[in-house]
Amino acid sequence: DSGVTQTPKHLITATGQRVTLRCSPRSGDLSVYWYQQSLDQGLQFLIQYYNGEERAKGNILERFSAQQFPDLHSELNLSSLELGDSALYFCASSARDRGFTEAFFGQGTRLTVV
Amino acid sequence: AQSVTQLGSHVSVSEGALVLLRCNYSSSVPPYLFWYVQYPNQGLQLLLKYTTGATLVKGINGFEAEFKKSETSFHLTKPSAHMSDAAEYFCAVSDRDGGSQGNLIFGKGTKLSVKP
């Protein structure tokens, strides 16, 4: 168990809908990262938050947004969903930035858009 | 931009045989290097990492990897495969410059099958 909790584990929704994925980082970790894993694109970095502020942005679509709350949990919001958004979404967390630390991954949320 | 190449999307070995999974990175400045494993319907688990120091890194489950700067490689090995090693393995890199620490760039993954 990595200590990173993601909910829900599975989500099935229709095209055009909006969903929210939730991530609770490991206790004490200030950074949260979101990744998308799909068959054609592989594992892609979406966005990073550090202590409530956006830190880095990757290949995140404009229809997607994220935030990190004061209690450090994070939510990834996906809107106007398309079939191609079906993927496994991972959250990872890492400790306060005192030099490099590795990221610990949650079990992922499998999103199916029908 | 950084990129990671994993040679071979599928590797099959016999139980007890050597496991060798290849990874090359593109940066001229050696990044931080990682190997993650993903079992079916699971998240990613860190096997090992190289940040600085000894270039031969030992990880969990008997795996090790060697950082070779001249070859820009970080190949993963295990002397003797076990059935439980069947999984997908991802090589990843992260820049050292601090601007994107923790922002991992992944290879496409190598699915390891172990035959009895």
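Does at least one position in the stretch B:77-97 carry a residue that is of a type in the set (Ser, Thr, Tyr), in contact with a Ser or Thr (Cβ under 7 Å, 6 or more places away or on another chain), surrounded by 13 or more Cβ atoms within 10 Å (Cβ to Cβ) and over 20 Å from A:Phe104 (Cα atoms)? There is no residue in the stretch B:77-97 that is of a type in the set (Ser, Thr, Tyr), in contact with a Ser or Thr (Cβ under 7 Å, 6 or more places away or on another chain), surrounded by 13 or more Cβ atoms within 10 Å (Cβ to Cβ) and over 20 Å from A:Phe104 (Cα atoms). Exactly one residue among A:Gln44, A:Gln68, A:Gln36 is more than 10 Å from chain B (Cβ to nearest Cβ), within 28 Å of B:Thr110 (Cβ to Cβ), surrounded by 15 or more Cβ atoms within 10 Å (Cβ to Cβ) and out of contact with any Lys or Arg (no Cβ under 7 Å at 6 or more places or on another chain), and that residue is A:Gln36. Selection over the stretch B:8-21 of residues that are farther than 8 Å from B:Thr110 by Cβ and part of a strand (DSSP E or B) gives a count of 5.
Within the stretch B:41-51, the set of residues being within 7 Å of chain A (Cβ to nearest Cβ) and either over 14 Å from B:Ser94 (Cα atoms) or part of a strand (DSSP E or B) (or both) comprises B:Gln42, B:Gly43, B:Leu44, B:Leu46, B:Lys49. Would you confirm whether any residue within the stretch B:52-62 is in contact with a helix residue (DSSP H, G or I) (Cβ under 9 Å, 6 or more places away or on another chain) and in a strand (DSSP E or B)? Checking the stretch B:52-62: not a single residue is in contact with a helix residue (DSSP H, G or I) (Cβ under 9 Å, 6 or more places away or on another chain) and in a strand (DSSP E or B).
Conditions tested, residue by residue: (1) in a loop (DSSP other than H, G, I, E, B); (2) more than 26 Å from B:Ser9 (Cα to Cα); (3) of a type in the set (Lys, Arg).
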position: A:Gln6; (1), (2), (3): no, yes, no
position: A:Leu21; (1), (2), (3): no, yes, no
position: A:Gln36; (1), (2), (3): no, no, no
position: A:Leu46; (1), (2), (3): no, no, no
position: A:Tyr49; (1), (2), (3): no, yes, no
position: A:Leu76; (1), (2), (3): no, yes, no
position: A:Ala92; (1), (2), (3): no, no, no
position: A:Gln107; (1), (2), (3): yes, no, no
position: A:Thr112; (1), (2), (3): no, no, no
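In the stretch B:6-34, the qualifying residues are those that are at pLDDT 95 or above and under 30 Å from A:His10 (Cα atoms), and the one that is nearest to the chain's Cα centre (by Cα) is B:Gln6. When the stretch B:21-42 is filtered for residues that are over 17 Å from B:Thr55 (Cβ atoms) and out of contact with any Cys (no Cβ under 9 Å at 6 or more places or on another chain), the ones remaining, listed by number, are B:Ser26, B:Ser28, B:Val37, B:Gln38, B:Tyr39, B:Pro40, B:Asn41, B:Gln42.
The values are calculated or read from the model by the stated rules, or taken from the named source; none is laboratory data. These figures come from a predicted structure and were not determined experimentally. Glycine also receives a Cβ, built like all others from the backbone with ideal geometry; neighbour counts cover every protein chain displayed.
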